[in-house]
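Here the structure is laid out as structure tokens; the discussion comes afterwards.
The values are calculated or read from the model by the stated rules, or taken from the named source; none is laboratory data. Because the structure is a prediction, the values reported are computed rather than measured. Quick reminder, even Gly has a Cβ in these numbers, built from the backbone with ideal geometry, and neighbours come from all protein chains shown. Note: areas computed on protein heavy atoms with side chains; ligands, DNA, RNA excluded. Shrake-Rupley method; radii C 1.70, N 1.55, O 1.52, S 1.80 Å.
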Amino acid sequence: MQSRTQFLSWPKHLLDVDGIDAAKIQAILEVAQGYIARNRAVDKKHSILKGRTLINAFFENSTRTRTSFELAGKRLGMDVINISASASSISKGETLLDTALTLNAMHADAIVVRHPSAGAVQLIAEKVNAHVINAGDGAHAHPTQALLDALTILQKKPRIEGLNITICGDIAHSRVARSNIHLLTKLGAHVTVVAPPTLMPAQVERYGVRVCDNIRDGVAGADVVMMLRIQFERSGSTVIASVRDYFHRYGLSHAVLATAKPDVLVMHPGPMNRGVEIDSAVADDLMHSAILDQVEMGVALRQAVLEMMLSEHV
Ligand code: NCD
């Protein structure tokens, strides 16, 4: 594990990956690496953050992210509370800010926030004393997902620099795509994005990525293929003509995957829509699929984030 002093200049909040340089990213990935083995042991618990309080405030649905932050906090000895929009006073008309100030007044040490609006998490971070971690704000950012994706890749590949990484799906409305593009290009990967014109952000080339409009061109020679769900909740139902047509042009099948490198890694942040963006046989192909590894890495990575953010303020 790294020395604690490596974290001294870490920002107070984790809102996106843009503000973290490559050295800090490497440091957190190394710390996370240490938690992987511990999470596979019978006794998974540490007391490094004993006595600290973590509040998971999720104003949008989640399975993986919320559960893994909860496990991460508990395995570090924290008291963890979960609140959701439907079960909170948000449903009684309280503003987001009032909810955040209320949680802060209870001396939460860290607040993990997921919200459907881009920028909402930053707004909260500006008003509270607690450390704030962005667990996904609209189509803007999902920093811990990008970090856990990098950690997953590093379980199978010696380094990220120089890898051909293809991200395919709803690039325009995906915070996972946005955060991964920033992080992976920062670490020296060659990133290709694949999407139909309706799901491709304007001027995406300015982020230093190669752009393709069909999956066959995008996947040829890839070391890693990252598939994304169509974010119908953000893009509306009219962005694709038909699921069948979409799968034909943008879905990942074994026939498409055969053009990638023989040891290609298939990733998906979940939730998957089998038969839409990914064929079931590929999702379940243990030779290539790292989808459940991503879930496992998510806990270790979030432990590292919590340790790094909170242990310098003992
Ligand atoms: C993603 C999200 O919520 O942004 N899922 C996740 O965090 N594992 C992707 C998605 O919802 O499609």
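Taking every DSSP beta bridge that has both residues in the chain, what percent is antiparallel when rounded to the nearest 5?
Details: 1 of 36 bridges.
DSSP beta bridges in the chain are roughly 5 percent antiparallel.
Distance between the 7 Å Cα→Cβ label points at ILE81 and THR67: 2.4 nm.
Computed per residue of the chain from DSSP H runs no shorter than four, each worth -39500 (n - 2.57), the mean residue ellipticity at 222 nm is -11000 deg cm²/dmol. Using a probe of 1.4 angstrom and keeping all protein chains present, the accessible surface of the chain works out to 42 square angstrom per residue. A Förster distance of 30 Å, applied to the separation of the beta-carbon atoms of ASP213 and LEU123, puts the FRET efficiency at 0.25. For the chain, the calculated P(r) over all alpha carbon pairs, in 20 Å bins from 0 to the bin holding the longest distance, is 34, 57, 9 percent.
Nonpolar atom fraction for the range 120-170, defined as the carbon and sulfur part of the 1.4 Å probe accessible area, stands at 42 percent.
Go through the range 143-245 and name the trypsin sites (Lys or Arg not before Pro) that are in a DSSP coil and have 13 or fewer other Cβ atoms within 10 Å of their Cβ. Don't skip to the end; give the middle numbers.
Values: sites: LYS156, ARG159, ARG175, ARG178, LYS186, ARG206, ARG210, ARG216, ARG229, ARG234, ARG244; in loops: ARG159, ARG229.
Loop-located and lightly packed - ARG159.
The 3J(HN,Hα) values that the Karplus relation (6.51, -1.76, 1.60; θ = phi - 60°) gives for the range 256-266 are, in residue order, 5, 4, 4, 8, 7, 5, x, 9, 4, 9, 9 Hz. Gly and Pro appear as x.
Springs join every pair of Cα atoms under 10 Å in this Gaussian network model of the chain, and among ASP79, ASP263, ASP43 the largest mean-square fluctuation is at ASP43. Restricting the calculation to alpha carbons of the range 143-290 gives Rg and Dmax of 13.8, 41 angstrom. Put a dot 7 Å past the Cα of LYS74, heading toward its Cβ, do the same for GLU161, and the two dots end up 4.0 nm apart. Stretching the chain fully between ALA255 and ASP21 yields a gain of 80.5 nm (0.36 nm per residue, less the alpha carbon separation). Take the Cα of HIS248, step 7 Å toward its Cβ, do the same at LEU97, and the gap between the two points is 5.2 nm.
Have a look at VAL31, VAL239, VAL80 and tell me which one the Gaussian network model of the chain (Cα, springs below 10 Å) gives the largest fluctuation. In the Gaussian network model the winner is VAL239.
Taking the chain as a Gaussian network of alpha-carbon nodes connected by springs under 10 Å, the highest mean-square fluctuation of the residues ARG40, ARG249, ARG274 belongs to ARG40.
In the structure displayed, which of LYS45/LYS156; LYS74/LYS157; LYS157/LYS261; LYS92/LYS127; LYS12/LYS127; LYS45/LYS74 lie more than 18 Å apart, Cα to Cα?
Working: LYS45/LYS156 26 Å; LYS74/LYS157 30 Å; LYS157/LYS261 13 Å; LYS92/LYS127 21 Å; LYS12/LYS127 13 Å; LYS45/LYS74 8 Å.
Those over the limit are LYS45/LYS156; LYS74/LYS157; LYS92/LYS127.
Across the chain, the mean sequence separation of Cα contacts (distance under 8 Å, 6 or more residues apart), normalised by length, yields a relative contact order of 21 percent.
What ranking of MET106, MET78, MET200 comes out by heavy-atom accessible area, probe 1.4 Å, highest first? Could the numbers behind the result be given before it?
Numbers: MET106 125, MET78 10, MET200 35 Å².
Correct descending sequence by accessible area is MET106, MET200, MET78.
Computed extension length for ASP285-LYS50: 80.6 nm, one decimal, from 0.36 nm per residue of separation with the Cα-Cα distance subtracted.
Starting from the Cα gyration tensor of the range 217-314, take the square roots of the eigenvalues, sort them a ≥ b ≥ c, and report rounded, prolate or oblate (rounded when a/c is under 1.5, otherwise prolate if a/b is larger than b/c, else oblate). Before the final figure, lay out the partial values.
Numbers: a/c = 2.76, a/b = 1.56, b/c = 1.77.
Oblate.
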